[in-house]
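K.L.:
Encoded as structure tokens, here's the structure I'll be asking about.
The values are calculated or read from the model by the stated rules, or taken from the named source; none is laboratory data. The model shown is predicted, which means the values in this text are computed figures rather than measured ones. Ideal geometry is used to build each Cβ from the backbone, glycine not excepted, and the neighbour counts take in all protein chains shown. For the accessible areas, the whole protein counts, side chains as well, though only heavy atoms, and no ligand, DNA or RNA atoms are used. Shrake-Rupley method; radii C 1.70, N 1.55, O 1.52, S 1.80 Å.
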Amino acid sequence: MIRRSVMNKKIRVGLIFGGNSSEYEVSIISGRNIYKAIDKEKYDVYPMWITNTGFLASDADSRKVLEDPSYQIENPHNVTNISNVIELSCRPEIDVFFPIVHGNLGEDGCLQGLLRILDKPFVGDDVLAAAITMDKELNKIMAQRAGVPVADWISIKRFEYNDAKNEKLSYDYVSQKLGTDLFVKPSNQGSSVGISHVTSASDYKAALAEAFKYDDKVLVEETIKGTEVETAVLGNDDAIVSGVGQITNAQGSWYSYENKYNDNSTSKLQIPAALPSEIIETVRRQALKVYHATECSGLARVDSMLSSDNKVIFNELNSLPGFTNISMYPKLFEQVGISYTELITKLLNYALDRYAHKKTLLHKHD
Ligand SMILES: Nc1ncnc2c1ncn2[C@@H]1O[C@H](COP(=O)(O)OP(=O)(O)O)[C@@H](O)[C@H]1O
Ligand SMILES: [Mg+2]
């Protein structure tokens with residue numbers, strides 16, 4: 001295919017960052033890192049900042065927030081829509097979008113739907129894969145279908161939660177099915193927000209109330225005791241898998257919001273993981289199965305639990321993982337010789353390739 005760079009013109013990249021999820025700050029830092037590291041010989045970057053008040057900022061402000069690290073980026077977490085991103089339709093000069101908007105509206109198929117309607121190439125999952133992988137239950141169902149083990153779970157919908165007689169609201173009932181040590185989580189969330197670890201009836205009641213603040217569907221899962229392993233996938237049909245990183249939480253602790261983002265985290269990250277090669281290969285093989293089963297493209301970080309008896313149990317897939325230069329995803333590829341800058345180039349090429357391929361498919365009216 002003819003790429004603009006072949007014709008000695010730079011490819012114009014619309015770098016969309018910010019958004020209205022709990023991962024707003026991470027997205028801005030990812031945006032800053034991409035902006036700095038992108039190959040300037042090949043690309044011209046047009047920063048597009050979805051602000052913490054829910055608006056697509058001007059080009060000048062968008063550039064400023066990426067260029068000036070002291071710029072205020074606090075997220076009030078109360079933004080309900082980002083409707084003026086529709087203004088992206090007034091950017092015909094953009095050749096390819098790089099949306100690095102995590103979570104709600106950015107990672108769940110909504111933004112992807114807009115970019116599809118605008119008929120533009122974009123990095124990362126298309127609509128279906130983004131939507132499936134955002135919903136932890138659908139993601140688990142697809143993993144099971146691909147033969148990949150998952151933690152046993154029960155899901156509770158809002159209407160069931162509202163029915164005081166529903167048996168799923170009883171700790172006795174769920175602990176008979178799943179054991180007494182449980183995780184309760186909103187089906188659609190990120191950054192460990194709304195998640196609780198539960199070992200008693202009173203914890204369980206409080207955990208359900210907390211999780212239902214964030215979603216209309218809540219998962220109750222058996223606790224997998226052990227460590228956490230993450231791997232990175234890159235590409236479309238021909239996707240490749242990186243090595244494996246490991247997260248070890250302090251005794252009795254888990255990878256909570258504080259342990260993910262605070263300086264005094266007690267969780268330890270290790271890249272690459274010091275694990276036997278059979279385990280590493282199982283993590284990588286299962287990750288690729290889930291990636292293809294959910295029809296991902298471009299990139300994903302696939303997270304699993306490694307149980308104390310060495311079973312690899314799929315937990316979740318992040319289709320737009322943290323992309324700061326110290327994030328697990330780019331670190332895992334750096335470790336196998338793909339630099340942060342090269343990774344960006346590859347992702348943009350995968351976006352252009354997918355778009356070009358989709359153009360070859362016949363439509364009814366053709
Ligand atoms: N079934 C489980 N067993 C043990 N730990 C779990 C389980 N589910 C979640 N956790 C812990 O909670 C963290 C966050 O859960 P996760 O499902 O990954 O949601 P998020 O999308 O918020 O990261 C995990 O990294 C892990 O530490
Ligand atoms: Mg997680």
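K.L.:
Assuming Ile344 fulfils every condition listed in (1) surrounded by fewer than 16 Cβ atoms within 10 Å (Cβ to Cβ); (2) within 26 Å of Asn104 (Cβ to Cβ); (3) at pLDDT 95 or above apart from one, which condition is it?
P.N.:
Going through the list (1) surrounded by fewer than 16 Cβ atoms within 10 Å (Cβ to Cβ); (2) within 26 Å of Asn104 (Cβ to Cβ); (3) at pLDDT 95 or above, Ile344 breaks only (1).
K.L.:
Quick one: count up the residues across region 90-106 that are open to solvent by 10 Å² or more (accessible area, probe 1.4 Å) and in a loop (DSSP other than H, G, I, E, B).
P.N.:
Residues flagged as open to solvent by 10 Å² or more (accessible area, probe 1.4 Å) and in a loop (DSSP other than H, G, I, E, B) within region 90-106 amount to 6.
K.L.:
Tally up the residues in region 237-261 that are among the β-branched types (Val, Ile, Thr), over 26 Å from Ser297 (Cβ atoms) and surrounded by fewer than 16 Cβ atoms within 10 Å (Cβ to Cβ), please.
P.N.:
Residues meeting the conditions: 0.
K.L.:
Moving to a separate point now. Name the pairs whose Cβ atoms lie under 6 Å apart, with the first residue in region 146-160 and in contact (Cβ under 8 Å) with a residue 60 or more places away in the chain, the second surrounded by 18 or more Cβ atoms within 10 Å (Cβ to Cβ) and among the aromatic types (Phe, Trp, Tyr), and 6 or more positions between them or separate chains?
P.N.:
Here the result reads Val148/Phe314; Val150/Phe314, each pair linking region 146-160 to a residue that is surrounded by 18 or more Cβ atoms within 10 Å (Cβ to Cβ) and among the aromatic types (Phe, Trp, Tyr).
K.L.:
I want to confirm something. Restricting to region 179-195 and keeping residues that are away from ligand 2 (no atom under 14 Å from the Cβ) and open to solvent by less than 20 Å² (accessible area, probe 1.4 Å), which single residue is nearest to Thr223 (Cα to Cα)?
P.N.:
Once the filter is applied, the top-ranked residue is Leu182.
K.L.:
Could you check how many residues of region 238-255 are more than 12 Å from ligand 1 (Cβ to nearest atom), in contact (Cβ under 8 Å) with a residue 40 or more places away in the chain and part of a loop (DSSP other than H, G, I, E, B)?
P.N.:
1
K.L.:
Give the residues of region 202-214 that are in contact with a Ser or Thr (Cβ under 8 Å, 6 or more places away or on another chain) and farther than 15 Å from Ile154 by Cα, sorted by residue number.
P.N.:
Asp203, Ala206, Glu210
K.L.:
May I pose another question? Restricting attention to region 266-286, and to residues there that are surrounded by fewer than 17 Cβ atoms within 10 Å (Cβ to Cβ) and of a type in the set (Gly, Ala, Ser), which single residue is nearest to ligand 1 (Cβ to nearest atom)?
P.N.:
Ala274
K.L.:
Enumerate the pairs (first residue in region 302-319 and outside any strand (DSSP E or B); second residue anywhere and open to solvent by 20 Å² or more (accessible area, probe 1.4 Å) and within 10 Å of ligand 2 (Cβ to nearest atom)) with beta-carbon separation below 8 Å, excluding pairs fewer than 6 apart on the same chain, so at least 6 apart or on different chains.
P.N.:
From region 302-319, no pairs qualify.
K.L.:
Further, regarding this structure: From the list Val229, Val198, which one is in the same structural domain as Lys289 (by TED's automatic domain parsing), within 14 Å of ligand 1 (Cβ to nearest atom), open to solvent by less than 50 Å² (accessible area, probe 1.4 Å) and in contact (Cβ under 8 Å) with a residue 12 or more places away in the chain?
P.N.:
Val229
K.L.:
Specify which of the listed residues (Tyr161, Tyr214, Tyr173) is away from ligand 2 (no atom under 16 Å from the Cβ) and under 28 Å from the mean Cα position of the chain (by Cα).
P.N.:
Result of the check over Tyr161, Tyr214, Tyr173: Tyr161.
K.L.:
For region 126-154, how many residues meet the condition of being in contact with an Asp or Glu (Cβ under 8 Å, 6 or more places away or on another chain) and away from ligand 1 (no atom under 14 Å from the Cβ)?
P.N.:
6
K.L.:
Within region 33-59, can you find the residues that are of a type in the set (D, E, K, R) and without any contact (Cβ under 8 Å) to a residue 40 or more places away in the chain?
P.N.:
Lys36, Lys40, Glu41, Asp44, Asp59 - these are the residues of region 33-59 that are of a type in the set (D, E, K, R) and without any contact (Cβ under 8 Å) to a residue 40 or more places away in the chain.
K.L.:
Hey, can you tell me all the residues within region 327-338 that are in a loop (DSSP other than H, G, I, E, B), surrounded by fewer than 16 Cβ atoms within 10 Å (Cβ to Cβ) and in contact (Cβ under 8 Å) with a residue 40 or more places away in the chain?
P.N.:
Answer for region 327-338, where residues must be in a loop (DSSP other than H, G, I, E, B), surrounded by fewer than 16 Cβ atoms within 10 Å (Cβ to Cβ) and in contact (Cβ under 8 Å) with a residue 40 or more places away in the chain: just Val336.
K.L.:
From the set of residues in region 256-265 that are of a type outside the set (Asp, Glu) and not in a loop (DSSP other than H, G, I, E, B), which is farthest from ligand 1 (Cβ to nearest atom)?
P.N.:
Among them, the one singled out is Tyr261.
K.L.:
Given the criterion within 28 Å of Ser155 (Cα to Cα) and free of Cβ contacts under 8 Å to residues at least 24 places away in the same chain, identify the matching residue among Glu281, Glu258.
P.N.:
One residue alone meets the criteria, Glu258.
K.L.:
Among what's in region 302-326 and is open to solvent by 30 Å² or more (accessible area, probe 1.4 Å) and closer than 16 Å to Ile34 by Cβ, pick the residue that is nearest to ligand 2 (Cβ to nearest atom).
P.N.:
Only one residue fits best here, namely Ile326.
To keep it simple, each residue is scored yes or no on (1) outside the structural domain of Phe98 (by TED's automatic domain parsing); (2) of a type in the set (D, E, K, R); (3) within 21 Å of Glu23 (Cβ to Cβ).
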residue	(1), (2), (3)
Asp303	yes, yes, yes
Lys311	yes, yes, no
Thr324	yes, no, yes
Tyr329	yes, no, yes
